[in-house]
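I am attaching a structure below and will ask some questions about it afterwards.
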Amino acid sequence: MDLALTQSQEMLLAAARGMVEREYSKENLLLLESGDTDLAETLWQKTAAAGWPGILVPTKYGGEGGSLTDAAVLLQELGRAPAPGTFFSTAVLGVLALMEGGSEEQRDAVLPKIAFGENRIALAATESRYGWSKSLTLTRATASHGGYLLHGVKLFVQDAANADLLLCTARMGDGEVGLFLVDASLPGVSVRPLPGFVSDTFEIKLNNVEVPQASLMPGGRDALEQAILQSLPVLGAYQVGACERVFDMTLDYANTRIQFGLPIGRFQRVQDHVIQIVNLKDAARWTTYEALWKLDESKPDAATAVHVSAAVASEAYYQSCNAAHEVHAGLGIMREYGLTLHTRMSRTLYHYLGDPTHHKVRLAAELGL
Amino acid sequence: MNFELTSTPEQETFRAEVRSWLDEHAPPDMEHPADPGQLTPGGYKKQRQLGRALGKKGWLYPTYPSEYGGGGLSAEEALIIEQELDRHGFTLPPYYDSGGKLGAASIMVWGTEEQKAAFLPPIFRGEVRTWQLLTEPEAGSDLANVQTTAHREGDEYIINGQKIYVGSTHGAEMSWMLVNTHPGGPRHQNLSWFMVPMDSPGVTWAPMDLLFAGNERGAASGHKQTVYFENVRLPAFNLIGGENNGWRVAATHLELEHGLMQTSLRGDSLWERVVRLYKEDKSGGTPLMDCPDAPNLLADMYIDSQIGRLFHLRNYWLQSTGRPVTYHGPQAYLHVKRSALRTAKALHRLFGPYALTTDQEVGLEDGHVEVQQRGSIVAQHPGGTVEIQKVIMARRLGIGRGEPQKSGRLK
């Protein structure tokens with residue numbers, strides 16, 4: 001047993017922390033939140049220049065060939081910011097979907113571009129009846145001219161703003177759900193950001209989009225399921241990093257905010273909130289890293305651990321933000337303070353790739369209950 | 001990272017040795033009552049026999065130095081012994097011996113060479129079973145408020161007072177206790193820590209009438225006692241760590257009691273029982289209880305048990321690799337306490353009134369489900385209430401203080 005990161009993971013973590021603090025500063029994130037697309041582009045290019053998008057891309061496609069735990073270390077640091085989800089959608093979910101379900105041609109064409117930061121991917125799976133099981137797919141793929149016509153509305157798609165490619169689910173003629181790799185610039189694709197208490201969430205309309213036969217991914221919806229399973233604890237690591245940052249902010253505030261002549265952290269009612277965050281973040285950390293280890297080692301019960309960690313990490317981030325707001329009171333809701341960056345992200349990530357209830361249903365199934 | 005408790009080939013050889021030895025020395029007819037209060041004197045005698053046999057091999061307190069009767073073994077080897085005993089439904093020691101598990105650590109840190117040589121070998125060899133005497137009517141969460149006094153007369157101390165929530169069913173040969181040696185003195189500098197032979201004249205005890213006495217599977221206490229001290233004379237030699245230094249001596253064992261005990265790495269036998277019940281129930285055709293929420297309740301219970309397992313695994317790793325352990329013990333303990341109540345409610349919802357009866361015909365799993373209903377409530381206070389665990393966590397994290405508080409000395 002060894003619960004420490006490896007030396008190279010520690011080095012990666014230190015480098016990532018430095019870069020995230022510099023580039024994904026609170027000031028920059030507030031600008032991104034206000035819709036500064038030029039800045040989003042600049043930051044993506046810097047991330048790409050660091051070689052990070054290739055972390056999971058196998059070396060034969062020009063990537064690092066890292067383990068899921070390696071990727072998680074990066075994501076944990078991005079979560080501290082909290083940096084936008086483009087990196088996860090592209091370099092984790094996108095890469096894993098291509099590895100699990102893509103044709104050799106698709107991998108050859110796309111993986112090197114991802115590794116060099118030239119392609120970004122968004123997963124367009126969910127629709128009007130929101131959820132993560134394949135029975136909910138209504139978008140149709142109709143055979144036409146040796147290819148397909150895709151028609152439907154994808155709803156609550158994450159990170160579509162600068163995506164070049166869409167991983168798109170659609171119901172085939174035989175009733176099965178297929179998976180397509182779709183060029184986002186094709187005629188008939190329209191992307192609309194959704195306003196409100198969301199992070200980088202979009203509606204994508206597919207209006208009889210004509211795609212070639214080669215855009216169909218041979219692995220299909222089952223491959224996407226596998227890719228999501230592997231991605232979940234990497235996203236969990238992002239939530240762990242985010243919880244750690246929320247904890248740091250809250251502890252610091254509890255130690256410096258004076259009321260009734262004392263730092264408010266001297267009051268046990270306040271301490272309860274801080275301790276709640278510690279308990280949530282530690283539960284998220286260890287369930288997440290165990291799931292990553294089980295996936296990296298191909299343990300037979302890895303899926304069980306993944307569903308545990310996904311349920312725990314999403315709940316942890318959500319509740320940690322709530323507890324942090326209890327401690328910060330008025331200051332916490334001032335945008336410039338930065339806590340609401342996390343609160344907003346914690347809400348979006350709560351349902352993304354399945355909310356805790358979804359994962360508990362899956363967990364019960366894995367346990368044969 | 002690697003979350004597996006792996007063994008070297010040498011350790012696997014050791015495991016085989018322990019396993020075959022236990023198969024020979026742990027009689028198959030040993031008692032495992034769901035409520036440890038039901039342990040018969042004969043069953044208790046067998047536990048002590050096994051303890052003495054383990055003690056002879058140095059396997060009863062495996063990590064302590066062999067010069068004092070311990071095994072001089074590594075934490076990994078100790079864990080192997082724990083795991084193998086677990087297969088027989090026992091912990092190490094196979095009877096309640098909080099005195100040895102906790103008190104011995106304080107004696108190792110604070111005792112003189114003569115004191116270690118006198119007190120530790122009988123405990124480690126299993127000849128002596130030891131109770132801890134801490135709580136009093138006016139000293140629960142505020143342990144430093146103990147009112148039992150000891151005053152010195154020549155080479156002796158004379159003890160008067162009363163301790164509650166002590167020990168187990170079938171008596172003990174020794175105890176250790178925290179008493180006040182400086183009434184009116186400054187708080188935390190007025191206490192002393194003593195070893196007490198339980199056959200000293202003036203020591204008497206009587207069982208308390210409780211909902212349940214606490215369950216540590218295989219080593220549960222059964223009953224709790226009130227222990228009275230009336231002019232009990234103790235040699236000054238039995239004072240450990242010096243007069244009025246008792247709070248620091250106690251900090252050592254309190255540190256261990258607050259969630260740093262390896263026995264927590266055992267498997268979750270209750271979970272296995274519940275899943276078996278639930279699955280039999282589903283396939284048997286007649287559900288015990290109409291509970292549409294069952295898979296969700298079981299998923300929550302499973303998640304709680306996984307978090308608990310991982311907290312204890314982390315603590316074991318931190319300790320065995322010499323990394324700092326601060327708020328981690330109380331965090332694990334807090335989780336155990338809190339999740340016990342959640343589990344109790346889940347079982348009540350899963351099995352309805354079946355969960356509450358020990359009836360031979362309709363009760364579940366020989367009373368193991370019922371005993372959890374009571375045990376979960378009782379589990380809230382030993383080793384400090386939920387609130388006390390949070391107080392310790394807050395201090396160790398430095399919430400509101402800036403500077404984190406230091407842990408009790410373990411070496």
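For B:Gln49, put the label point 7 Å out on the Cα→Cβ axis and report which residues of the stretch B:6-40 keep their amide N under 16 Å from it.
B:22-32, B:40
Can I ask one more? For A:Ser89, A:Ser128, what ranking results if the residue with the fewest other Cβ atoms within 10 Å of its Cβ goes first?
By the 10 Å Cβ count, ascending: A:Ser128, A:Ser89.
Rounding to the nearest 10 and keeping the result within 0 to 90°, find how far the Cα-based axis of helix B:9-25 lies from the longest principal axis of chain B.
Its long axis makes an angle of about 90 degrees.
Rank these for me by crowding, A:Asp222, A:Asp38, going from fewest to most other beta carbons within 10 Å.
Working: A:Asp222 14, A:Asp38 8.
Sorted ascending by nearby Cβ count, the order is A:Asp38, A:Asp222.
For chain B, what is the calculated [θ] at 222 nm in deg cm²/dmol (nearest 500), taking -39500 (n - 2.57) for each run of four or more DSSP H residues and dividing by its residue count?
Calculated mean residue ellipticity at 222 nm is -13500 deg cm²/dmol.
Tell me, what is the FRET efficiency for A:Ser133 and B:Gln11 to the nearest 0.05, using R0 = 45 angstrom and their Cβ-Cβ distance as r?
0.50
Let me ask something else. Using θ = phi - 60° and the Karplus relation 6.51 cos²θ - 1.76 cosθ + 1.60, list the HN-Hα couplings for the stretch A:31-38 in order, rounded to whole Hz, with x at every Gly or Pro.
Here the 3J(HN,Hα) series is 5, 4, 4, 7, x, 7, 6, 4 Hz.
Let me have the relative contact order for chain B, percent, based on Cα pairs under 8 Å that are six or more residues apart.
14
Sticking with this one: Evaluate the Kirkwood expression for the hydrodynamic radius of chain A, namely the inverse of the mean inverse distance over all pairs of different C-alpha atoms, and round to one decimal in Å.
That comes to 21.0 Å for chain A.
Note the angle between two axes, namely the Cα long axis of helix B:368-378 and the longest principal axis of the Cα atoms of chain B, as a number of degrees from 0 to 90, rounded to the nearest 10.
For B:368-378 against chain B, the angle is about 40 degrees.
Report, to the nearest 10°, how far helix B:41-57 tilts away from the longest principal axis of the Cα atoms in chain B, using its own Cα long axis and a range of 0 to 90°.
70
Taking every eigenvalue of the Cα gyration tensor of chain B, multiplying by 5 and rooting it, what semi-axes result, largest first, whole Å? Don't jump to the answer; show the numbers that get you there.
Numbers: eigenvalues 247, 118, 106 Å².
Output for chain B: semi-axes of 35, 24, 23 Å.
Residue by residue through the stretch A:229-245, what is 3J(HN,Hα) from phi via Karplus (6.51 cos²θ - 1.76 cosθ + 1.60, θ = phi - 60°)? Round to whole Hz and write x for glycine and proline.
4, 6, 6, 3, x, 5, 5, x, 5, 4, 5, 5, x, 5, 4, 5, 5
Please report the base-10 log of the normalised intensity I(q)/I(0) for the stretch A:122-219, using a Debye sum with one equal scatterer per alpha carbon and no solvent, at each q in 0.11 (1/Å).
With one equal scatterer per Cα and no solvent, log10 I(q)/I(0) is -0.28.
To continue, here is another question. In whole Å, what three semi-axes, largest first, describe the equivalent ellipsoid of the stretch B:258-397 built from its Cα gyration tensor (square root of 5 times each eigenvalue)?
32, 15, 12
Ranking B:Arg395, B:Arg342 by Cβ neighbours within 10 Å, fewest first, what do you get?
Lowest to highest Cβ neighbour count: B:Arg342, B:Arg395.
Are any of the pairs A:Lys299/B:Lys45; A:Lys113/A:Lys134; B:Lys46/B:Lys411; B:Lys56/B:Lys406; A:Lys113/A:Lys205 more than 32 Å apart by Cα-Cα distance, and if so, which? Kindly include the intermediate steps, with their values, before the conclusion.
On the way: A:Lys299/B:Lys45 43 Å; A:Lys113/A:Lys134 29 Å; B:Lys46/B:Lys411 34 Å; B:Lys56/B:Lys406 37 Å; A:Lys113/A:Lys205 25 Å.
Result: A:Lys299/B:Lys45; B:Lys46/B:Lys411; B:Lys56/B:Lys406 exceed 32 Å.
Which FRET efficiency, nearest 0.05, do B:Thr358 and B:Glu403 yield, Cβ-Cβ r, R0 45 Å?
Details: r = 51 Å, r/R0 = 1.13.
My answer for the efficiency is 0.35.
Here's a follow-up. So if the hydrodynamic radius of the protein assembly as shown is defined as the Kirkwood radius over C-alpha pairs, what does Stokes-Einstein give as its diffusion coefficient at 25 °C and 0.890 mPa s, in µm² per second?
85
From the convex hull of the Cα coordinates of the stretch B:9-124, what is the mean projected area in square nanometres?
Mean projected area for the stretch B:9-124: 7.4 nm², to one decimal.
Can you give me the Kirkwood hydrodynamic radius for the stretch A:244-369, using every pair of distinct Cα atoms, in Å to one decimal?
Computed over Cα pairs of the stretch A:244-369, the Kirkwood hydrodynamic radius comes out at 15.7 Å.
A further question follows. What is the dipole size for the protein assembly as shown, taken about its Cα centre, with +1 at each Lys and Arg Cβ and -1 at each Asp and Glu Cβ, in debye to the nearest 20?
The calculated dipole for the protein assembly as shown is roughly 1200 debye.
What dipole magnitude, in Debye to the nearest 20, does chain B give about its Cα centre under +1 on Lys/Arg Cβ and -1 on Asp/Glu Cβ?
1000
Still on this structure, please answer the following. Averaged over B:394-407, how many beta carbons belonging to a partner chain fall within 10 Å of each residue's beta carbon?
The shielding value for this peptide is 5.
Measuring from a point 7 Å past the Cα of A:Ser34 along Cα-to-C-beta, which residues in the stretch A:340-368 have an amide N at less than 20 Å?
A:340-345
Near B:Lys345, which lysines are there with a Cα under 26 Å away, not counting those fewer than 8 places off in the same chain?
Candidates past the 8-residue exclusion: A:Lys281, A:Lys360, B:Lys224, B:Lys279, B:Lys282, B:Lys337, B:Lys390.
7 Å from Cα along Cα→Cβ at both B:Lys345 and A:Glu21: what's the point-to-point distance in nm?
Result for the modelled spin labels: 4.1 nm.
Now, a different point. Which aspartates and glutamates have a Cα lying under 12 Å from the Cα of A:Lys154, excluding residues fewer than 8 positions away in the same chain?
Candidates past the 8-residue exclusion: A:Glu127, A:Glu203.
A short reminder: the numbers here are calculations on the coordinates, not readings from a lab. Keep in mind that this is a model prediction, so the values were computed, not measured. As a convention, Cβ positions derive from the backbone with ideal geometry for all residues, glycine included, and neighbour counts pool all protein chains shown.
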